[in-house]
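Undergrad: Starting off with a structure, shown below.
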């Protein structure tokens with residue numbers, strides 16, 4: 001006996017049913033009348049080939065299959081794997097911007113030579129068991145620590161080459177300090193992906209994201225994106241949205257489009273006041289509202305020739321923070337698990353010490369992240385979108401917040417299925 005997966009999503013257009021599997025990510029189509037027979041577990045009307053396709057894509061499963069058990073097994077396997085090491089390294093907590101909604105605890109601190117050596121030794125201690133080393137550079141403003149980035153990158157690339165480990169690197173920057181010299185350093189050190197934020201047209205962006213000396217930044221950042229674009233970097237423009245700029249995002253997308261910055265990735269992010277550093281920020285919109293807004297702008301961005309990432313990719317883990325081999329290293333060598341905890345000593349799990357030893361001096365905080373499982377959550381485990389969400393952001397779970405797709409998943413599914421079908425034609 002077989003049964004349809006709990007995690008299938010369907011849309012019906014002109015008596016054709018498109019079935020999306022939240023488990024495999026596959027999409028197939030059937031006439032409506034045939035699909036109704038499949039729902040009744042009457043498989044006589046479909047060919048053996050179609051039946052095998054349904055089984056292969058996990059749209060149809062064995063009647064005895066416990067899908068939650070399978071999701072949990074994959075979660076545990078990926079959470080505790082040691083083949084891939086993911087590091088977010090902050091060469092400095094200093095920043096040249098004074099953004100109105102910043103969530104970080106900024107301090108004018110740069111990474112010492114001692115901490116740099118300890119980080120390199122930390123990687124060296126694991127390198128023999130690694131297949132992939134993934135490094136994200138972040139701050140503060142990381143380009144204020146470009147010398148530290150260059151020094152550490154060269155050492156880690158050399159280690160990776162010596163041990164046949166795949167090295168992947170990206171940087172999250174405000175873009176103000178991008179120039180030909182820094183671009184050369186980034187390219188030389190395999191930092192090929194860059195995320196830069198624009199929050200609206202100039203008059204809106206410059207009210208939100210300005211320098212410490214109160215200088216405007218919009219056109220400087222546009223010039224930086226052009227420099228990166230010419231050098232074929234993989235660029236993501238992140239747009240942070242709240243009440244103060246939501247009515248100006250369409251204008252921004254049109255402006256970027258006119259700059260001929262096509263086929264770059266655009267992502268939309270909800271501004272939240274989830275950390276102590278931004279707790280008093282009062283322009284936030286609700287997650288359910290943001291879901292509708294985001295879906296609208298994702299459609300617009302796609303129509304303007306930008307790339308957008310799918311919200312329907314099946315995943316085993318919601319975020320790297322809940323993985324054992326995932327660390328965020330502050331400039332002083334202290335370690336946290338989540339980007340929302342950057343610079344917050346109360347949330348540090350420990351530090352990278354001499355010889356590259358990770359000393360866990362706050363095991364409770366470490367366990368808080370590592371022990372997280374949506375399968376143990378009474379609401380999550382019964383949720384239809386579990387395989388494409390896996391519990392969402394654990395940090396926001398403290399405030400009972402689900403990701404935006406929870407509130408508009410039918411609209412997202414309909415939109416992304418149409419995009420996928422269009423790309424297949």
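Conditions tested, residue by residue: (1) in contact with a helix residue (DSSP H, G or I) (Cβ under 6 Å, 6 or more places away or on another chain); (2) assigned by TED's automatic domain parsing to the domain that holds residue 133; (3) under 26 Å from residue 153 (Cβ atoms); (4) part of a helix (DSSP H, G or I).
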position	(1), (2), (3), (4)
176	yes, yes, yes, no
215	no, yes, no, no
219	no, yes, no, yes
223	no, yes, yes, yes
235	yes, yes, yes, no
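Undergrad: Right, next: Out of 375, 413, 352, report the one residue that is in the same structural domain as residue 92 (by TED's automatic domain parsing), surrounded by 21 or more Cβ atoms within 10 Å (Cβ to Cβ) and either part of a loop (DSSP other than H, G, I, E, B) or in contact with a helix residue (DSSP H, G or I) (Cβ under 6 Å, 6 or more places away or on another chain) (or both).
TA: So the residue among 375, 413, 352 that is in the same structural domain as residue 92 (by TED's automatic domain parsing), surrounded by 21 or more Cβ atoms within 10 Å (Cβ to Cβ) and either part of a loop (DSSP other than H, G, I, E, B) or in contact with a helix residue (DSSP H, G or I) (Cβ under 6 Å, 6 or more places away or on another chain) (or both) is 352.
Undergrad: Search the stretch 325-339 for residues being within 30 Å of residue 70 (Cβ to Cβ) and touching a helix residue (DSSP H, G or I) at 6+ places or on another chain (Cβ under 6 Å), and hand back the single one that is surrounded by the most Cβ atoms within 10 Å (Cβ to Cβ).
TA: 337
Undergrad: Right, something else. If I ask for residues that are farther than 22 Å from residue 21 by Cβ and out of contact with any helix residue (DSSP H, G or I) (no Cβ under 6 Å at 6 or more places or on another chain), which ones from the stretch 306-323 would you list?
TA: Of everything in the stretch 306-323, those that are farther than 22 Å from residue 21 by Cβ and out of contact with any helix residue (DSSP H, G or I) (no Cβ under 6 Å at 6 or more places or on another chain) turn out to be 306, 307, 319, 320.
Undergrad: Identify the residue in the stretch 184-213 that is part of a loop (DSSP other than H, G, I, E, B) and free of Cβ contacts under 8 Å to residues at least 40 places away in the same chain and, among all such residues, is farthest from residue 88 (Cα to Cα).
TA: This residue is 213.
Undergrad: Could you please give the count of residues in the stretch 124-143 that are part of a helix (DSSP H, G or I) and surrounded by fewer than 21 Cβ atoms within 10 Å (Cβ to Cβ)?
TA: Of the residues in that region, 6 qualify.
Undergrad: Still on this structure: Quick check on my filter: what residues within the stretch 60-83 are out of contact with any helix residue (DSSP H, G or I) (no Cβ under 9 Å at 6 or more places or on another chain) and not in a loop (DSSP other than H, G, I, E, B)?
TA: Within the stretch 60-83, 70, 73, 74, 76, 77, 78 qualify.
Undergrad: Can you confirm whether residue 57 is touching a helix residue (DSSP H, G or I) at 6+ places or on another chain (Cβ under 9 Å) and surrounded by 13 or more Cβ atoms within 10 Å (Cβ to Cβ)?
TA: No.
Undergrad: Looking for something out of contact with any helix residue (DSSP H, G or I) (no Cβ under 8 Å at 6 or more places or on another chain), in a helix (DSSP H, G or I) and more than 20 Å from residue 238 (Cα to Cα) - is there at least one such residue anywhere in the stretch 93-104?
TA: No, the conditions are met nowhere in the stretch 93-104.
Undergrad: Please go through (1) assigned to a helix (DSSP H, G or I); (2) within 28 Å of residue 411 (Cβ to Cβ) for residue 49 and return the number of the only condition it doesn't satisfy.
TA: Against the list (1) assigned to a helix (DSSP H, G or I); (2) within 28 Å of residue 411 (Cβ to Cβ), residue 49 comes up short only on (2).
Undergrad: Go through the stretch 22-46 and give me each residue that's on the phi > 0 side of the Ramachandran plot and either surrounded by 13 or more Cβ atoms within 10 Å (Cβ to Cβ) or in a helix (DSSP H, G or I) (or both).
TA: 25 - this is the single residue of the stretch 22-46 that is on the phi > 0 side of the Ramachandran plot and either surrounded by 13 or more Cβ atoms within 10 Å (Cβ to Cβ) or in a helix (DSSP H, G or I) (or both).
Undergrad: Within the stretch 5-18, which residues are assigned to a strand (DSSP E or B) and farther than 13 Å from residue 414 by Cβ?
TA: Hits for the stretch 5-18 are 8, 16.
Undergrad: With the condition kept exactly as written, say whether any residue in the stretch 329-339 is assigned by TED's automatic domain parsing to the domain that holds residue 393, more than 20 Å from residue 367 (Cβ to Cβ) and outside any loop (DSSP other than H, G, I, E, B).
TA: No: the stretch 329-339 contains no residue that is assigned by TED's automatic domain parsing to the domain that holds residue 393, more than 20 Å from residue 367 (Cβ to Cβ) and outside any loop (DSSP other than H, G, I, E, B).
Undergrad: Looking for whichever is in contact with a strand residue (DSSP E or B) (Cβ under 9 Å, 6 or more places away or on another chain) and modelled with pLDDT of 95 or more here; the options are 263, 245. Which one fits?
TA: Residue meeting the stated conditions: 245.
The values are calculated or read from the model by the stated rules, or taken from the named source; none is laboratory data. Note that this is a predicted model, so its numbers are computed, not measured. All Cβ positions, glycine included, derive from the backbone under ideal geometry; neighbour counts span all protein chains shown.
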